[in-house]
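**Student:** Would you mind keeping the following structure in view while I ask a few things?
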């Protein structure tokens with residue numbers, strides 16, 4: 001079954017090894033295709049990040065740095081003027097013990113807190129949603 005083919009350049013190829021590799025690939029391709037199909041099905045159950053969701057986070061980040069960064073850190077939980085916001089959602093509660101959700105964070109931003117002014121009058125609802133989207137990523 002082993003046979004050498006020599007081209008014009010004088011280099012010879014071992015056809016038997018190449019044939020065996022080709023047959024092996026043909027044999028495993030259906031398994032790879034099934035695996036890929038399964039991954040596609042799994043991905044279908046997870047929400048994909050849409051361009052608008054990504055843009056909302058980017059806008060929220062810009063707004064945060066203009067309006068909030070003077071009082072809050074994003075890369076630590078350390079106190080600045082207000083608390084650091086890193087992993088706020090994974091901490092599960094605010095400093096007052098209330099549960100952290102998108103709705104509760106939106107209310108906190110709107111109404112303010114202990115030393116934090118409320119922003120309901122100075123920010124549009126869309127801007128508050130953008131801030132919440134960004135803070136969720138910290």
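**Student:** Once both labels are modelled 7 Å past Cα along the beta-carbon direction, what's the residue 66-residue 90 spacing in nm?
**Tutor:** In this crude spin-label approximation the distance works out to 3.0 nm.
**Student:** Suppose we take every Cα in the stretch 51-136 and form the convex hull; what volume per residue is that in Å³?
**Tutor:** Cα convex hull per residue, to the nearest whole number: 89 Å³.
**Student:** At a 10 Å Cβ-Cβ cut-off, how would you order 100, 54, 132, fewest neighbours first?
**Tutor:** 54, 100, 132
**Student:** Would you mind ranking 89, 134 by Cβ crowding within 10 Å, fewest neighbours first? Let's see the in-between values first.
**Tutor:** Details: 89 15, 134 22.
So the ranking, lowest neighbour count to highest, is 89, 134.
**Student:** Taking neighbour Cβ counts within 10 Å as the exposure measure, how do 102, 96 sort from fewest upward? Please list the in-between numbers first.
**Tutor:** Numbers: 102 14, 96 8.
Ranking 102, 96 by Cβ neighbours within 10 Å, fewest first, gives 96, 102.
**Student:** Would you kindly state how much longer the chain becomes between residue 80 and residue 102 on full extension, computed as 0.36 nm times their sequence separation minus their alpha carbon distance, in nm to one decimal?
**Tutor:** Roughly 5.7 nm would be gained on extension.
**Student:** What does the highest-first list of 57-69, 108-120 look like by mean Cβ count within 10 Å? Don't skip to the answer; put the middle values down first.
**Tutor:** On the way: 57-69: 15.8, 108-120: 14.2.
Ranking the peptides 57-69, 108-120 by packing returns 57-69, 108-120.
Computed from the coordinates by the stated procedures, all read-outs in this text should not be read as laboratory data. Nothing here was measured: the structure is a model prediction, and the numbers come from that model. All Cβ positions, even for glycine, are placed from backbone atoms using ideal geometry, and neighbour counts span all protein chains on display.
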